[in-house]
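Contents: one structure, followed by commentary.
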Amino acid sequence: MKKAAAVLVAGLLGLIAVGALAGSVPVRFLPDLSLLGTVAAGLVLGPAAGLLVAASLGLTADVMTGTLVGQQAMLRVLELAVLRGFASQLDLRRGIPLGVFVAALSLADAGLLVLQSRFFLGLSFHWSEVGGVLLRAGVNGLAAPLIGGVARWIADALDESEARREMRLDTKRPVL
Amino acid sequence: MGDFLRRIRLPLLFAGLLLLTLVLMLADRPVAPGVAERDGWLPDVLLEIAAPVQKALAAPSDWLGEAFSRYVALVDLHVENEELRERTARLEEENLQFREALVAGGQLQRIARMREGFEVPLLPVQVVGQDVSSWFHAVLLDRGRRDQVLSGMPVVSDLGLVGVVSATTRSAARAMLLLDRRSAADAIVQRSRARGIVRGTGTGALEFVFQVRGDDVQRGDVLITSGVGGVYPKGLRLGSVLEVRTERSELLHTASVAPAVDFGRLEQVFVLLQRAPTMDLLYAGDGDLPDDADEVEAQASTR
C-alpha cells in the first residue's frame, strides 16, 4: 500500500514537473511521465495496485492536458495489462529491453490515442506528426531505464515483505 | 464462492476500470464542435493542486530564461534602440496621416462610440504551465472563478487571439489554445474580406478553410476574427497566410496560416471578461455561471 502510494505520488510530481518544464522545452523532447509512471507501477507493484496507480496517472494526465477525461486513463490501464503480459517474456529489469519495450509502447499509445480521438472527437491525423511521435517514443525509451531504476529504489526502500525484515545474527554463540 | 470471487477479482478490476474510463469519456464529450469539455469536481481538485505547484517549479527556469534574455537584450540594445527610434518616427508620421484622414471623414467620433460599445474588461493572467501532450494544446492559467474567469471566455495576447478558457477552478483555469485541433474561429481576410474558418491542425500550425471566389486569398494576407458565432469578438488577429493550396476538384480550399501569437513563449495573456450568450447557453449548469439567476438574466439583457 505504501509502495503504491509512493509510486503514485512520485508519478504525479513528475507529471507536474514536466508540465512546468514544457514552458521552456519543446514537448516532444520531454518524456511522457504518465506512460513511464505506468510502466514503473507495472514493474514494482502488484497487478491490482498497478492498475489503480496507472488509472490515476492517466486521469491526472487527462485533466492537465485537456484531453477527454478517461482517454489517457483507458490507455494506461491497457498498457499496464500489456506490460504484465510481456514481463514474463522479456527481462524488463534490464535497461535495453525496457527501453525498447517502452519505445514500442509509446508508438502503440500514439496510435490508440489517434483512434480514440477520431472516434470520440472526430479529429483527423496529420502525417506531419509522425516525426514528433517517433522522437517522443525515443525520448520515452531513453528515459525508461532511469524511471525504472527510481521506481525500484522507491520499492526497495519501502518493501514491507518478511524477507526484508532485519535479522540479528548472534555471532558469539559457539558453533555446535 | 469466496475463492471464486478472489480468482476473478483482477479481471473484474480491469474490466471495471476500462468501463469507468469509457463512461467518463462519453460523459466528457464536447457539447458542440470547438467547445471544450465540461467542468467537474475531479478536474477542479487536480487543476487547483497542479497550477500553484507548476508555477513554483517553473519559476527558476523562467528566472534563468529572463536573466539570459535580459543580457542578450542589453548587448543588442544600442542597435535595437536606433531601429526603434527610426520605426517610431515612421509610425508617428503614418499615425498623423491616418488621424487626419479619419477626422476629415468625420469617422473618429463614430469609431470612438463603437469602441465604447465593444469595450470589454481585460484580466491579465500568467501562464503557469503548458500541456505535456503533443496531441492537444492547452495552458494552465493562474486565475480562476474568484477573478470572474469562466469557461468560454476568449484569451488574447498583445499579438492576437490565444484561445478560449475551457475549464475553471476557484483559483486556476485551463485554456484551450487556437492550435488545438478542436479549436475553430470564424475568420475574414483583412484585405479582401473573404470569409472562412481558421482551425488548429494539432501540429503547431493553423489552417484557413474558405470557399474560393476569384483571387481573394493570397500569401501574406492577414486573418482576423469575424465576430460571427459570438465566441470571439471581431478584429482579433489570428495569423497570416503562408501558402494557399488550390485543388480544383474541391469547393472548399485551404491555406496554411502562420499564427500571429508565438504559442511557445506564452507568459502573460489576457482573459476577456465577457462571455458570448451562445457560450452562456453551452456552459449553463456547469457550475461556473454566477449563482444568482438574476445576475445571469441582467447580463443577457445588457447584451
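Structure summary
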quantity	calculated
Computed log₁₀ I(q)/I(0) - Debye formula, equal Cα scatterers, no solvent, region B:151-219, q 0.12, 0.13, 0.26 Å⁻¹	-0.38, -0.44, -1.16
Protein accessible area in chain A, 1.4 Å probe - carbon and sulfur %	67 percent
Per residue solvent-accessible surface (Å²) - region A:1-89, probe of 1.4 Å	31 Å²
Estimated buried accessible area (total), pair B and A, 1.4 Å, Å² to nearest 100	4000 Å²
Over chain A, equivalent-ellipsoid semi-axes from the Cα gyration tensor in Å	36, 16, 15
Amide proton proximity set for B:L236, modelled H, under 5 Å, gap of 5+	B:T225
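The values are calculated or read from the model by the stated rules, or taken from the named source; none is laboratory data. Please read all numbers here as calculations on a predicted model, not as lab measurements. Areas reflect the complete protein model, heavy atoms only, side chains present, ligands, DNA and RNA absent. Shrake-Rupley method; radii C 1.70, N 1.55, O 1.52, S 1.80 Å.
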